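Trainee: Just dropping this structure here.
The values are calculated or read from the model by the stated rules, or taken from the named source; none is laboratory data. No experiment lies behind these values; they were computed from the predicted model shown. Here the Cβ is made from the backbone with ideal geometry for all residues, glycine too, and neighbour counts use every protein chain on show. Side chains are part of the model used for accessible areas, which takes the heavy atoms of the whole protein and leaves out ligands, DNA and RNA. Shrake-Rupley method; radii C 1.70, N 1.55, O 1.52, S 1.80 Å.
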Amino acid sequence: MFQLKTNFPENFLWGGATAANQLEGASDVGGKGLSVSDVYIFDENIPKEHWSDQWHMMTHRQVEEAQNPSSEKYYPKRQGIDFYHNYKEDIALFAEMGFKCYRMSLAWTRIFPNGDELEPNEEGLAFYDRVFDELNKHGIEPIVSLSHYEMPLYLVTEYGGWVNRKVIDFYVRFATTVFNRYKDKVKYWITFNEINCVKHHPYVSVGIIEENHPHIEQAKYQGAHHQFVASALAIKACKEINPEAKVGCMISYQLLVPYSCNPDDIQATVENQRTSLFFSDVQARGYYPSYTARMFAEKNVVLEIEPEDEQIMREYPVDYVSFSYYMSSAISAHPEKLEGAVGNLITGGIKNPYLPTSEWGWQVDPKGLRTALNQLYDRYQKPLFIAENGLGAVDTIEPGDIIQDDYRISYLRDHIKQIKEAISDGVDVFGYTSWGCIDMISASTNQMSKRYGYIYVDQDDRGRGTKRRIKKKSFDWYKKVIASNGEQLD
Ligand code: BG6
């Protein structure tokens, strides 16, 4: 009756993850429209500590300038690493590592360039047919996010983003189109990448330009509500088209721990963690959790909810819960005098003195991944999928095209060991896709030099370089990990 598991399951999905807006490039090819991410600039003359400011807040002025064809700014995500033209070679490298799956996203703007068209763009659909066929040729299972920080910019400038209920229909049209088109090619879907990140970067998550919204919390949660409804409607459509398909949610899970055993820190941690778990609570259970009333009252948020919303959300919760995990952070009820932590998601987090940090200041906590897996499984009792995990670092090429990224191997190894521990704890986790299996543009800083890949791409922060692909030391290491189904980690 009680069977202790000490290995990864036989059919465990090992692979890597990317997002269209960070790697495809070719933003003016095949009728593609501009997405919210095509607006981000990289400029080394701006002080480094401000590179991710635009990630947290976008202005009208920046959006207007980006739409001006004569803008002289550099927009790295328009060029990506040109996966659009290199997908065959890149997928062949993934196959050489033995990938069982590949987590990717669709550029909504390749298929509906502005987002509100009635008919899809055939060229965009055909591109993903080619990508899926290539994956299939190599026996790699695609895991596809419908929306990964790449909604059409037009839906922001003309409709005001997800705060506007009409965007639900546009998204559902997009989702239904791709479910129909790829029903025989894709089994695993994710409706929204890191849906909880609306809290930290509302522009790229729900298309909010803060200047328009004096009551920003209201706008964020209204946008999130529309995404919840859209996700449930998409799941309904997906199941009608292919009852075998599995649809998941995806949150950014940054484990939070109390800074001390002071009861105030413990309560502050529970409340803070809930601001992320709120999103998976809704999507995994199909209804708003009981703490919502107090949370909204304290934020003065009053949602506009249509009578049919609650029913559709209840009827179509997700099949599995996926998440990204990069770091943990400590929480104090009195953070004023303590040193703050830094990272993609941390607002108000405190530096944990027990943890080392990456070159970008992110706190490295492999054991936190085991805790996170246990917490999420205890909470939802649904299969889990680790959709992102990895180390952003600067890599150096030695003569002979050698890149000795032992720091990355060590980070990944330590995290994979903890997944195995969680499996022994009884957690049902069916896959792991490390982030940025091939180097690409950073989401938050728009740098190229913040690299996560097993495959190096010869390109600098300004987009200069040959774009040649070079295998790093971690490439062969990961190949062995996959071949041994997680047994050979050294
Ligand atoms: C996740 C995102 O939050 O973190 C990815 O889903 C992103 O898109 C990744 O690239 C790493 O963040 P960054 O800013 O280092 O690229």
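So that you can scan it fast, the table gives a plain yes or no per residue for (1) surrounded by fewer than 24 Cβ atoms within 10 Å (Cβ to Cβ); (2) in a helix (DSSP H, G or I); (3) touching a residue at least 60 places away in the same chain (Cβ under 8 Å):
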{"site": "Asp133", "(1), (2), (3)": "yes, yes, no"}
{"site": "Tyr159", "(1), (2), (3)": "yes, no, no"}
{"site": "Phe170", "(1), (2), (3)": "yes, yes, no"}
{"site": "Ala175", "(1), (2), (3)": "no, yes, yes"}
{"site": "Lys183", "(1), (2), (3)": "yes, no, yes"}
{"site": "Phe192", "(1), (2), (3)": "no, no, no"}
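Trainee: Hey, another quick one. Checking Ala234 against (1) surrounded by fewer than 23 Cβ atoms within 10 Å (Cβ to Cβ); (2) over 18 Å from Leu303 (Cβ atoms): exactly one of these is not met. Which one?
Mentor: (1)
Trainee: Here's another thing I want to ask about it. Hey, which of the strands (runs of 3 or more DSSP E) in the stretch 241-351, taking only ones fully inside, have at least 3 residues that are within 16 Å of the ligand (Cβ to nearest atom) and at pLDDT 95 or above?
Mentor: Numbers: elements: 246-252, 255-258, 320-324, 328-331.
Counting at least 3 such residues, we get 246-252, 320-324.
Trainee: Taking the stretch 35-63, which residues are of a type in the set (D, E, K, R) and in contact with a helix residue (DSSP H, G or I) (Cβ under 9 Å, 6 or more places away or on another chain)?
Mentor: If the condition is that a residue be of a type in the set (D, E, K, R) and in contact with a helix residue (DSSP H, G or I) (Cβ under 9 Å, 6 or more places away or on another chain), then Asp38 is the only one that fits.
Trainee: Across the stretch 199-208, which residue is nearest to the chain's Cα centre (by Cα) among those that are open to solvent by less than 10 Å² (accessible area, probe 1.4 Å) and either farther than 24 Å from Glu64 by Cα or modelled with pLDDT of 95 or more (or both)?
Mentor: Val204
Trainee: Across the stretch 1-46, what is the number of residues that are open to solvent by less than 70 Å² (accessible area, probe 1.4 Å) and in a loop (DSSP other than H, G, I, E, B)?
Mentor: So the count comes out to 20.
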